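The values are calculated or read from the model by the stated rules, or taken from the named source; none is laboratory data. Quick caveat, the model's predicted, so the values are computed rather than measured. Here the Cβ is made from the backbone with ideal geometry for all residues, glycine too, and neighbour counts use every protein chain on show. SASA here: full protein model, heavy atoms, side chains in, ligands and nucleic acids out. Shrake-Rupley method; radii C 1.70, N 1.55, O 1.52, S 1.80 Å.
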Amino acid sequence: MDAAAQQTRLEAALHRVAKSLARVGWTLPGVEPDTDNTGLGSWVIAQATGSLTLTASHRPLIAFWLLLARACPCVRLADDQGRRIIAWPPHLPMDPAVLEKLGLKPKDLRQLLAATNGDDWFF
């Protein structure tokens, strides 16, 4: 994918992520609320690599990066062992209703699995 296509995809993803964060009343620290997608795209690109401590004060940023990584494949998150991150950190408490509004609540497959006889695949 060329750079222009990646930029377009990133800006579209930023629009969706910003709407998700707004649903729970969150904004990004250090980013003005009226920043357009191009400005947010520049902010993300400037962050190219970095680290984020998993603390309660960083919940909006954690949600931002998780949602962005899910929406835009050019953004990848990893833990300190280099494993890809795709879910909310289990050791950081979060109201399940907020995770659900953000689209980050893990699906509970136990009921679905209990209704099958083990001859099905899930993806």
Point to revise | Subset tally (residues that are in a loop (DSSP other than H, G, I, E, B) and at pLDDT 90 or above) for segment 60-77 | key: 0
Check your understanding: With respect to residue 5, is the statement that it is over 23 Å from residue 100 (Cβ atoms) and either assigned to a helix (DSSP H, G or I) or at pLDDT 85 or above (or both) true?
Key -> yes
Revision key, fill the gap. Only one of 119, 95, 80, 108 is at pLDDT 90 or above and acidic (Asp, Glu), namely 95
**Study point:** Scan of segment 87-104 for residues that are open to solvent by 100 Å² or more (accessible area, probe 1.4 Å) and assigned to a loop (DSSP other than H, G, I, E, B), ordered by number
**Key:** 90, 91
**Study point:** Failed item in (1) outside any loop (DSSP other than H, G, I, E, B); (2) touching a residue at least 24 places away in the same chain (Cβ under 8 Å); (3) exposed (fewer than 11 other Cβ atoms within 10 Å of the Cβ), with residue 57 passing the rest
**Key:** (2)
